[in-house]
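First up is the structure itself, then whatever we jot down about it.
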Amino acid sequence: MDTALPFPYPPARPDGPFPAGGRPAAPLHLLRRPSTAEGFALDTTAPEEQHFVLSAELPDEHELFTDGPGTFHDVLFPAETMHQAAHFIAQQYFRVPADRPEAFASSSVDVLDLSPWRRTGRAAHLAMELTLTPGDVVNGVPRGLECVARVAIDGVNCGLNRTRLVFVMPGVHRSHRARGRRESLNDSCAVSASGANGALRPARVGRSDPRNVLVGPPLRVLDGEFLLPVDPAPEHGLFRAAADGPIPGSLFLEASRQASLLVAAELHGFEPGHAVLTHWRTSYRGLGDTDLPLACTVSSRRPTRDAAGRPVARMRVVFSQGSRVVASASASLLQDC
């Protein structure tokens, strides 16, 4: 069955996830690929591994996904597309109740071939082969879902995304968030995304629009480790939590990328306009609150070289609210020049 899926799905707010005057990306087409003839004829979905194909045009003019130097397609677009599709599939095909909150357990993004990611000024097509595997099935409904997406641009396989979602009972979700919030409030420092010395120029984190900047200037640099403030509730709707929801995974991906660009430029002389995120892997240790200060610490090892001789910086990014770690990520930046 071919389903036209609006992006993002579902809207984060009643008035939609994009700011006034913003334009969403083109609709996504999601095609289920049943593993049996019976599944195709009856459109049945057992709580077992299922396969889908997702098709979309990569945006060529968008207030977020094309904001920046315009060198590469934004890795954030297929990552968020995969998440939105997984959310839709969980409810429509695996019968996860809509009132059961989801939480990220882990996520990863890998660029396997850089060439297709280069923007050429022409329209580009994105295709993703999705494999979704349910886990901890109770009464036919999974409590967890692992999604693997094989990414192709214009027919060339070039990326691999993974995410693992957990669906929890509302009461358990509220209890977990309340406990984490108490821990954060016990040791919370007043930081803001603008930092102590004003806002960052967008170009320093690979953006052009100040509204898309999520991190601020360093609050502290000690032994090569940078402490940066992160905006937990930024202006752009894609990074905004749903009503009473935790900080979304898209914010951690983009904040990891921006923080890594900033530190790689400071430590290794990387040029943000020619650096691309080729690897990102994170594990979530809690649910972040949008009304509490959020910070990240960034450290980096000495750059290495890829097979073509280009510098690669490997970063470690840890997000915290007070003394509580909510996510930790590893990231790799490739200097393409």
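The values are calculated or read from the model by the stated rules, or taken from the named source; none is laboratory data. Since we're looking at a predicted model, the values are computed, not measured. Cβ sites come from the backbone with ideal geometry, for glycine too, and all protein chains shown count toward neighbours. The area values use the complete protein model at the heavy-atom level, side chains included, leaving out ligands, DNA and RNA. Shrake-Rupley method; radii C 1.70, N 1.55, O 1.52, S 1.80 Å.
Annotation note: of LEU222, LEU262, the sole residue that is hydrophobic (A, V, I, L, M, F, W, C), over 18 Å from ARG324 (Cα atoms) and out of contact with any helix residue (DSSP H, G or I) (no Cβ under 6 Å at 6 or more places or on another chain) is LEU222.
Within the stretch 257-274, the set of residues being open to solvent by less than 10 Å² (accessible area, probe 1.4 Å) and either in a strand (DSSP E or B) or of a type outside the set (S, T, N, Q) (or both) comprises ALA259, LEU261, LEU262, VAL263, ALA264.
Provide a single number: the residues in the stretch 160-183 that are closer than 25 Å to ALA259 by Cβ, at pLDDT 75 or above and open to solvent by less than 80 Å² (accessible area, probe 1.4 Å).
Pass one, the stretch 160-183, residues closer than 25 Å to ALA259 by Cβ: 160-165, 177, 180-181, 183.
Keeping just the survivors that are at pLDDT 75 or above gives 160-165.
Next, only the ones that are open to solvent by less than 80 Å² (accessible area, probe 1.4 Å) stay: 160-161, 163, 165.
Final tally of qualifying residues: 4.
Taking (1) of a type in the set (Ser, Thr, Tyr); (2) open to solvent by 20 Å² or more (accessible area, probe 1.4 Å); (3) under 25 Å from SER330 (Cβ atoms) in turn, SER55 satisfies each apart from (3). Mind listing just one residue for me: the one in the stretch 126-159 that is without any contact (Cβ under 8 Å) to a residue 40 or more places away in the chain and among the β-branched types (Val, Ile, Thr) and, of those, surrounded by the most Cβ atoms within 10 Å (Cβ to Cβ)? Filtering the stretch 126-159 for residues that are without any contact (Cβ under 8 Å) to a residue 40 or more places away in the chain and among the β-branched types (Val, Ile, Thr), the one surrounded by the most Cβ atoms within 10 Å (Cβ to Cβ) comes out as VAL148.
For the stretch 321-332, the condition holds for at least one residue, the condition being that it is within 16 Å of VAL75 (Cβ to Cβ), in contact with a helix residue (DSSP H, G or I) (Cβ under 9 Å, 6 or more places away or on another chain) and not polar (S, T, N, Q).
Scanning the stretch 204-225 for residues that are under 21 Å from ARG301 (Cα atoms) and among the charged types (D, E, K, R) turns up ARG204, ARG220, ASP223, GLU225. Condition check for GLY68 on (1) buried (at least 22 other Cβ atoms within 10 Å of the Cβ); (2) closer than 23 Å to GLU254 by Cβ; (3) not aromatic (Phe, Trp, Tyr): one failure, at (1). In the stretch 198-217, the residue that is nearest to the chain's Cα centre (by Cα) out of those that are surrounded by 21 or more Cβ atoms within 10 Å (Cβ to Cβ) and in a loop (DSSP other than H, G, I, E, B) is LEU214. A Cβ distance below 9 Å, combined with a sequence gap of six or more or placement on separate chains, defines the contacts here; from the stretch 284-303, residues that are farther than 15 Å from LEU228 by Cβ and part of a loop (DSSP other than H, G, I, E, B) reach residues that are open to solvent by 40 Å² or more (accessible area, probe 1.4 Å) and hydrophobic (A, V, I, L, M, F, W, C) in the pairs ARG285/VAL325; GLY286/VAL325; THR290/ALA233; ASP291/ALA233; LEU292/LEU185; PRO303/LEU267. Residues in the stretch 275-297 that are within 20 Å of LEU219 (Cα to Cα), open to solvent by 20 Å² or more (accessible area, probe 1.4 Å) and touching a strand residue (DSSP E or B) at 6+ places or on another chain (Cβ under 9 Å): 2 in all.
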